[in-house]
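Here's the structure we're looking at; comments come further down.
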Amino acid sequence: MNKIGKNKAIIVAAGKGKRMGAEGNKQYILLRDKPVLAYTLEVFQDCPDIDEIIVVVAQGEVEYCKENIQQKYELNKIVSVIEGGKERFDSVYKGIVEAQDDCNVVVIHDGARPFISQEIIINTIKEAKVEGAVIVGVPVKDTIKLINQQSQVMETPQRENLWAIQTPQTFKYSLVRRAYEEINCDESITDDASLLEKAGHPVKVIMGSYENIKLTTPDDLLMAEAILKKREEKECLE
C-alpha cells in the first residue's frame, strides 16, 4: 500500500453503563440481537480509508471482546484489543501508544456511537492531513443558557456559534501523541481536542450528523431503534 503511514482507528469502549442502568459495559447492550460495539466496529471495518483498528475495553473484558465481537463478526482490521485505564483520558492514551509510530492519522471514536458513517470518517481523515486536528459536530437546535451555582442565568450565548461536539476526533498521530504526553489531564479536559486547544493548536470543526448519537441513557436506545428503522426503510426505497 503506497501511503505515508497508516490511518488507524482507536475505538474507546471502556465505559460502564451507569446512566444506562446496565449492569455491565453499555457497549455490549444488544440492538436487534447485535451488540452496540459491533455496529460501530463494522463501519470502521468497511471504511476503505481505515487500515487498522485498536479497541480499548474495560479491565477484564479483552477476551470477551475478542471472542464475542472481533471473532464473531469477522473484524479482521482489528489488530489489538487492550485494557483501558481509570479515566477516558488514560484509555485513549493507551490506544495512542498502541498505535505506534507507523501511524500517520489517528481517528478516535466512542464505541457507543454506532451510527457514524464512512463518509464522515473519510472526511475527517482528509481534513486532518491538512489541518492536523479535526472534530465533528452539529449546530445546537436549542437556546443555551449559562447559569451560576444558584441556577440563575448569567449569559445567553449566540446559538449560531454553538455546536454539539461528537466523535470521531481525528488527528495527525505525532501531534496528538505529543499533546497527550506534554499536557497534564485535569477536570477541564472533556475530549481529545481539548488537549490540542490547550496547546494552542487550532482545531477545525466539520459537519457531523444528528444521527451520530452516543447511547448513554435508556431513551437513547429508543432513538437508536428509530434510526435503524429509518435506515431500513431508506434501503427498501433504494
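Rule-based calculations on the coordinates, nothing more; no lab input. Just so we're clear, the structure is a prediction, and the values are computed from it rather than from any experiment. When we count neighbours, we look across all protein chains shown, and the Cβ atoms used for this are built from the backbone with ideal geometry, even at glycine.
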For the range 196-236 and the range 153-181, distance of Cα centres in Å: 15 Å
Relative contact order [Cα under 8 Å, 6+ residues apart], the range 106-208, whole percent: 37 percent
Global geometry of the range 82-219, whether rounded, prolate or oblate, following the gyration tensor of its Cα atoms and the 1.5 cut on a/c: prolate
Listed peptides 34-45, 62-73, 226-237 by packing density, highest first (mean Cβ within 10 Å): 34-45, 62-73, 226-237
Burial ranking of peptide ranges 197-208, 123-134, 141-152 (average Cβ count within 10 Å, highest at the top): 123-134, 197-208, 141-152
Within the range 107-211, chymotrypsin sites (Phe, Trp or Tyr not before Pro) in DSSP loop having at most 13 other beta-carbon neighbours inside 10 Å: TYR210
Eligible lysines near LYS8 by straight Cα distance, threshold 22 Å, same-chain separation 8 or greater: LYS66, LYS72, LYS77, LYS94, LYS126, LYS129, LYS172, LYS204, LYS214
